[in-house]
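Everything below concerns the one structure shown next.
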Amino acid sequence: MLGLVMFTLRFFVLYRGSIHASDLLHKKLLKSVLFAPIRFHDTTNRGRLLNRFGKDFEGIDSSLADNFGRSVFNLAAVVTTIATVSFVGGWPFFLSFLILAIFYFEVARVYGQTARDMRRLDSVSRSPLYSIYNEAITGVAILRAFGASSKFLRDMLRCVDTNSS
């Protein structure tokens, strides 16, 4: 019974915090975009803005609470394990643990930079797709009037192929 109450409380706190974080970030991003100088709107295409408001917040909404909950649980498990094994194994284990931890954090730092660059490249490759989709939706009457639907469809499919490959 206590486990059920703790699980429900954990679920409520994590997801309530996730919704609050997403709402706060959305408001800050919207304020930044609305009050940005005109030059920003001239140089940034709509696809990139839609990508920021769409895919990025979808990632925050769907995985932030789960990842945070798992991280806290795993951190508690690691600290407990290290404390137990250090107590049993003594200083040699603790010293070897520190050396391995320094190596691990260095690898994690390099991986973090690489993963961030890969997400940025994915976002940049997705922006033209959102932009061309938005242009097609807003200019559908003009596309039909000039008979340019098939050309626009080819351009859109090219953007989809570029993004998915």
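A few points about this structure:
- Here is how the number arises for the chain: DSSP H runs of 4 or more residues each give -39500 (n - 2.57), the sum is divided by the residue count, and the result at 222 nm is -31500 deg cm²/dmol.
- Solvent accessible area, Å² - residue 85, 1.4 Å probe, full protein context: 60
- Using a probe radius of 1.4 angstrom, the carbon and sulfur fraction of the accessible surface of segment 18-159 is 70%.
- Once the 1.4 Å probe is applied to the protein heavy atoms, segment 1-137 comes out at 79 Å² accessible per residue.
- Computed over the chain: relative contact order in percent, which uses C-alpha pairs under 8 Å that are six or more apart: 33
- Those chymotrypsin sites (Phe, Trp or Tyr not before Pro) in segment 1-87 that DSSP places in a loop and that have at most 10 other beta carbons within 10 Å: 35
- Averaging the Cα positions of each part gives two centres, and for segment 29-51 and segment 96-136 these lie 22 Å apart.
- With respect to the chain, whose longest principal axis is taken over its alpha-carbon atoms, helix 91-138 is tilted by about 10°.
- Candidates 22, 83, 36 compared by Cα position along the dipole of segment 1-96: farthest toward the positive end lies 36, with charges placed on Cβ.
The values are calculated or read from the model by the stated rules, or taken from the named source; none is laboratory data. Nothing here was measured: the structure is a model prediction, and the numbers come from that model. Ideal geometry is used to build each Cβ from the backbone, glycine not excepted, and the neighbour counts take in all protein chains shown. These area figures cover heavy atoms from the full protein model, side chains too; ligands, DNA and RNA do not enter into them. Shrake-Rupley method; radii C 1.70, N 1.55, O 1.52, S 1.80 Å.
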